[in-house]
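Asker: One structure follows; several queries about it will come next.
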Amino acid sequence: MRDIQPSRRQILGGALAAAGLAGSAARAARPVLRIGVLGDQSGPYRDLAGLGALACARQAVAEFGAGSFDVEIVTADHQNKPDVGAAIARQWFDRDGVDMVTDLTNSAVALAVAQVARAKNKVALATATGTTELTGRQCSANSLHWSYDVYMLARSTALQVVKSGGRSWYFVAADYVFGRQLQGEAAATVAASGGTVLGTSFYPFPGTSDFSSFLLAGQSSGADVIGFANAGADLVNGLKQAHEFGLSRRVRLAALSGFISDIDAVGLEVAQGLNLTSSFYWDLNERTRALSARVRPAMPRQAPPTMAQAGTYSGTLHYLKTVAAMGLPAARDGAATVAQMKATPCDDDAFGSFRVRADGRVLVPAYLFRVKSPAESRGPWDYYTKLATTPPDEAAPPLGRGCVLVKE
Amino acid sequence: MFTIFGIPGPLLFGQLLLGLINGAFYAMLSLGLAVIFGLLNIINFAHGALFMMGAFVAWMLLNYAGIGYWWALLLAPLIVGAFGLVLERTLISRLYKLDHLYGLLLTFGLALVIEGLFRNEYGSSGMPYQIPSALQGATNLGFMFLPNYRGWVVVAALVVCIATWLLIEKTKLGAMLRAATENAPLVQAFGVNVPRMVTLTYAGGVALAALAGVLAAPIYSVNPNMGSSFINTVFAVVVIGGMGSIIGSVITGFGLGVIEGLTKVFYPEASATVVFVVMAIVLLTRPAGLFGKAA
């Protein structure tokens, strides 16, 4: 008999537990949607996405405003290691109640996290990722690819430069998947549009800091254009040294993957005249200027967003709107949310009106820019002049390419 | 136009010269490392970070104080050298009695901390730094246009290397330094302040790294990781030259620059590996390095 009589301590404990339940019930009245911003916050891609992407995700949450649920953002540094990125994503999905991961700088990390998102039926929005595999053979019903990919960057630059007279090319390319893919896409485009590829120097990556040998080889090949199939510090070094050797006066320089943060790093004196492609520039139109003005106070060094960071804003905002439309309980199903995101037209200040294709690729136009000279620039970050626009359908890689979501 | 192994002659000469220029950086960096290792027995893994600091201090002098390149050549090594002095007094001096490995771990950790702090403050994409106006432009050598600045780097590096070698091998101060590393108590018995000399030697080696950093600032991206791309090659240079051998590190620095330059013409994919291939061959045939004394 004594066994079933509750002791005083048990009663007290029960009361406390009930109070706790009541408390969590009160919290449960406002459900929480958690978004994870997973990027490179300490490595070479820190400035093109990193903490700036976090600021842009926060901006999207602030603009989304109060819905029927609260939005929380968690963030982590994947250190450019796919295993670290996948482990963080797994922990976020399993333990921390995260429903969507975005940013995903570095293609290898993005592919790994997309796998985790598919296995856990969550959402992965790659907004700072180059690889076309995400919408090709490794596409999934749980991931979308925002902002840009190597196909868009290489093709838009190569196509427009060939059209405007840069017919023979020499490539300086980083000897790893990213550099080879960029070079491959660009070389194919050059050949298809009637130009010629005179040669390529594939240099060891990482660990090369002097590019003058490759630049001189390019110059002695007699090419009209030297194309850089690399990114970040390698691009900056290459541009600096091309300027030093006076190459920019004799040949056209084209960056197949350049961000405004790279141009800022190298300075207009050196970068002037460079051709590069971006799907976003803060000074493109009234809406991009307005977005940049809103988000810049929170950005590292008050920089305007890069196309990767603008993509994080755009992707997060479209995701939040979709979740609000579906209702949070339904949106816990990642694949259903992604399907809904594909079915709903998007509109925001970063990219204007656009839509998402069946393979998960966001369709936005690609702009070819020329970097201004110091005399042309009216102030900080006034770096680009627009030369040409590639329409969204041509800027994205052809539909299909082994993606199981696309019905042949 | 004549060709050598299918490569146009002018291109080949150009690459040889470029190799020599890169070799100048290797020589200057490995010189500092060799001085520190030869005299202090510390494997200074922070060398790349201090090289980066030299470049950043030049950038800061220009952007915060309006002090240009030429003064930076003098001031940045002094400032970074003073930082090295503090490092040696507060941290590194505690490890002299321990195994090499502890010094290696400490300086490696320091490198990570220094690079991390700079990355936090200045981001990772780098800062612009222009070539000084007096050295802009290029000279036509017939087979290539040599940017004046690169010519200056080779001359400056050669002068610094020879001066350092003379200082250590031919002066009384250098003789005392070498004696102190052989037998510190004996030199101390002659009334020489050995700990102070060791501190100044470390600061001197660090200042050499910073000077190389200032020289590098106009041609390489001034970013927090700029040292780490050099440091591996530079360690290979020191090992090939013979740990602690000053003349060895200078000759090997220039030599490897040229070998690397030639590899970039014939098979660019291997240009980062060739240094280590040479290192493996040298270690197999001469374990103490080309100019090292067998232990």
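The values are calculated or read from the model by the stated rules, or taken from the named source; none is laboratory data. In this text the structure is predicted, and so the values were computed from the model without any measurement. Glycine also receives a Cβ, built like all others from the backbone with ideal geometry; neighbour counts cover every protein chain displayed.
Asker: Determine, yes or no, whether B:Val192 is β-branched (Val, Ile, Thr), surrounded by fewer than 19 Cβ atoms within 10 Å (Cβ to Cβ) and free of Cβ contacts under 8 Å to residues at least 24 places away in the same chain.
Answerer: Judged against the criteria, B:Val192 is a match.
Asker: Give the number of residues within segment A:170-207 that are touching a Pro at 6+ places or on another chain (Cβ under 8 Å) and touching a residue at least 40 places away in the same chain (Cβ under 8 Å).
Answerer: Final tally of qualifying residues: 0.
Asker: May I pose another question? Please determine whether any residue of segment A:54-67 is among the hydrophobic types (A, V, I, L, M, F, W, C), farther than 18 Å from A:Ala303 by Cβ and in contact (Cβ under 8 Å) with a residue 12 or more places away in the chain.
Answerer: yes
Asker: Further, regarding this structure: Let me spell it out: the conditions are (1) under 15 Å from A:Ala254 (Cα atoms); (2) in a helix (DSSP H, G or I), and A:Gln115 meets all of them except one. Which number is the exception?
Answerer: Answer for A:Gln115: the failing condition is (1).
Asker: Specify which of the listed residues (B:Ile21, B:Ile43, B:Ile67, B:Ile36) is buried (at least 19 other Cβ atoms within 10 Å of the Cβ) and not in a helix (DSSP H, G or I).
Answerer: Selected residue: B:Ile43, the only one of B:Ile21, B:Ile43, B:Ile67, B:Ile36 that is buried (at least 19 other Cβ atoms within 10 Å of the Cβ) and not in a helix (DSSP H, G or I).
Asker: Would you check if B:Ile231 is among the aliphatic types (A, V, I, L, M), at the interface with chain A (Cβ under 8 Å from one of its Cβ atoms) and either within 14 Å of the chain's Cα centre (by Cα) or within 15 Å of B:Phe25 (Cα to Cα) (or both)?
Answerer: Numbers: among the aliphatic types (A, V, I, L, M): yes; at the interface with chain A (Cβ under 8 Å from one of its Cβ atoms): no; either within 14 Å of the chain's Cα centre (by Cα) or within 15 Å of B:Phe25 (Cα to Cα) (or both): yes.
For B:Ile231, the condition - among the aliphatic types (A, V, I, L, M), at the interface with chain A (Cβ under 8 Å from one of its Cβ atoms) and either within 14 Å of the chain's Cα centre (by Cα) or within 15 Å of B:Phe25 (Cα to Cα) (or both) - is not met.
Matching residues to (1) crowded, with 16+ Cβ neighbours inside 10 Å; (2) under 19 Å from the mean Cα position of the chain (by Cα); (3) on the phi > 0 side of the Ramachandran plot; (4) within 12 Å of another protein chain (Cβ to nearest Cβ):
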| position | (1), (2), (3), (4) |
| --- | --- |
| B:Ile79 | yes, yes, no, no |
| B:Leu91 | no, no, no, no |
| B:Tyr96 | no, no, no, no |
| B:Leu106 | yes, no, no, no |
| B:Glu121 | no, no, no, yes |
| B:Gly126 | yes, no, yes, yes |
| B:Gln130 | yes, no, no, yes |
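Asker: From the residues in segment A:244-269 that are of a type in the set (Ser, Thr, Tyr) and either farther than 15 Å from B:Ser125 by Cβ or at the interface with chain B (Cβ under 7 Å from one of its Cβ atoms) (or both), which one is surrounded by the most Cβ atoms within 10 Å (Cβ to Cβ)?
Answerer: The selected residue is A:Ser261.
Asker: Pick from B:Ile247, B:Ile281, B:Ile259: which is more than 14 Å from chain A (Cβ to nearest Cβ) and at pLDDT 90 or above?
Answerer: B:Ile281
Asker: Separate question: Which of the strands (runs of 3 or more DSSP E) found entirely inside segment A:328-395 contain at least 3 residues meeting this: hydrophobic (A, V, I, L, M, F, W, C)?
Answerer: Values: elements: A:346-348, A:352-356, A:366-371, A:384-390.
Once the strands (runs of 3 or more DSSP E) in segment A:328-395 are filtered for at least 3 residues that are hydrophobic (A, V, I, L, M, F, W, C), what remains is A:366-371.
Asker: Return the only residue of B:Ala294, B:Ala288, B:Ala272 being within 14 Å of chain A (Cβ to nearest Cβ), at pLDDT below 90 and not in a helix (DSSP H, G or I).
Answerer: Just a single option satisfies the conditions, and that option is B:Ala272.
Asker: Can you tell me which residues in segment A:134-173 are within 14 Å of another protein chain (Cβ to nearest Cβ) and either within 26 Å of A:Phe351 (Cα to Cα) or touching a Lys or Arg at 6+ places or on another chain (Cβ under 8 Å) (or both)?
Answerer: Scanning segment A:134-173 gives a single hit, A:Ala173.
Asker: Find the residue count for segment A:216-235, including only residues that are aliphatic (A, V, I, L, M) and over 23 Å from B:Leu17 (Cα atoms).
Answerer: The total comes to 4.
Asker: Still on this structure: If the requirement is being in contact with an Asp or Glu (Cβ under 6 Å, 6 or more places away or on another chain) and more than 14 Å from chain B (Cβ to nearest Cβ), which of these qualifies: A:Arg294, A:Arg287?
Answerer: The unique qualifying residue is A:Arg287.
Asker: Residues to consider are B:Ala157, B:Ala134, B:Ala163, B:Ala82; find the one that is in a helix (DSSP H, G or I) and at pLDDT 95 or above.
Answerer: B:Ala82
Asker: Does B:Phe56 satisfy the criteria of being aromatic (Phe, Trp, Tyr) and either within 14 Å of chain A (Cβ to nearest Cβ) or not in a helix (DSSP H, G or I) (or both)? Write out each step before concluding.
Answerer: Values: aromatic (Phe, Trp, Tyr): yes; either within 14 Å of chain A (Cβ to nearest Cβ) or not in a helix (DSSP H, G or I) (or both): yes.
So B:Phe56 passes the test.
Asker: Does at least one position in segment B:92-101 carry a residue that is more than 28 Å from A:Gln41 (Cβ to Cβ), in contact with a Gly (Cβ under 6 Å, 6 or more places away or on another chain) and in contact (Cβ under 8 Å) with a residue 12 or more places away in the chain?
Answerer: First, pick out the residues of segment B:92-101 that are more than 28 Å from A:Gln41 (Cβ to Cβ): B:92-101.
With in contact with a Gly (Cβ under 6 Å, 6 or more places away or on another chain) added as a condition, the list becomes B:95.
The next check asks that each one be in contact (Cβ under 8 Å) with a residue 12 or more places away in the chain; those that pass are B:95.
There is at least one residue in segment B:92-101 that is more than 28 Å from A:Gln41 (Cβ to Cβ), in contact with a Gly (Cβ under 6 Å, 6 or more places away or on another chain) and in contact (Cβ under 8 Å) with a residue 12 or more places away in the chain.
Asker: Quick check on segment A:149-196: of everything there that is among the polar types (S, T, N, Q), closer than 23 Å to A:Pro398 by Cα and touching a Leu at 6+ places or on another chain (Cβ under 8 Å), which residue is surrounded by the fewest Cβ atoms within 10 Å (Cβ to Cβ)?
Answerer: My answer is A:Ser193.
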